[in-house]
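Participant: I'd like to ask you about the structure that follows.
Readers should treat all values here as calculations from the given coordinates under stated rules, not as data from a laboratory. In this text, all values refer to a predicted model and were calculated from it rather than measured experimentally. Here the Cβ is made from the backbone with ideal geometry for all residues, glycine too, and neighbour counts use every protein chain on show.
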Amino acid sequence: MLAAGNHTLRVVVDTLGALVETNETNNATTRTLTVVGGTAGGPLPCLLALSPPLPNPSAGAVAFTLDLPRAGPVEFTVGDLLGRRVWEAPARALGAGRWTLVWPAREAPAGLYFARIKAAGTAWTRRIAILR
């Protein structure tokens with residue numbers, strides 16, 4: 001990842017011997033690339049992505065890392081194997097950047113659970129095992 005600021009970018013194009021070139025000086029160009037700063041501690045993510053639950057299995061809290069290239073609404077719920085909602089975070093709008101979403105899982109009995117996270121029009125489901 002490039003740090004925020006201006007960087008010189010040199011692009012070279014060559015035909016790899018497919019054409020006979022009499023002038024090799026016109027195969028490159030140099031331009032300035034400006035990188036815009038990201039969130040505190042790092043650049044903005046390029047792709048929308050969600051990590052696996054960590055740790056998994058867990059005896060306590062479970063965390064996910066959500067990469068948001070653009071600001072948008074985020075929903076986070078946890079359900080049991082029967083599809084009943086056992087926990088829900090308030091829906092909220094998050095800015096572009098890398099976010100940590102945490103399910104405390106304090107009162108959840110041992111078992112399998114499904115985390116459902118929706119962000120920027122994409123929905124993920126991740127399986128979580130809670131051990132006590």
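Participant: Based on Cα positions only, what radius of gyration and what Dmax would you give for the chain, in angstroms?
Facilitator: According to the Cα coordinates of the chain, Rg and Dmax are 22.8, 75 Å.
Participant: If you don't mind, there's one more thing I want to ask. May I ask you to evaluate 6.51 cos²θ - 1.76 cosθ + 1.60, the Karplus curve with θ = phi - 60°, for each residue of segment 94-106 and list the ³J(HN,Hα) values in order in whole Hz, giving x for glycine and proline?
Facilitator: Residue by residue, segment 94-106 yields 10, x, 4, x, 9, 10, 10, 10, 10, 9, x, 6, 5 Hz.
Participant: With a 10 Å radius around each residue's Cβ, average the other Cβ atoms per peptide and rank 44-51, 103-110, highest first.
Facilitator: Packing order, densest peptide first, comes out as 44-51, 103-110.
Participant: Amide H neighbours of residue 87 under 5 Å, at least 5 residues apart or on other chains, H built in the peptide plane: list them.
Facilitator: For residue 87, the qualifying residues are 78.
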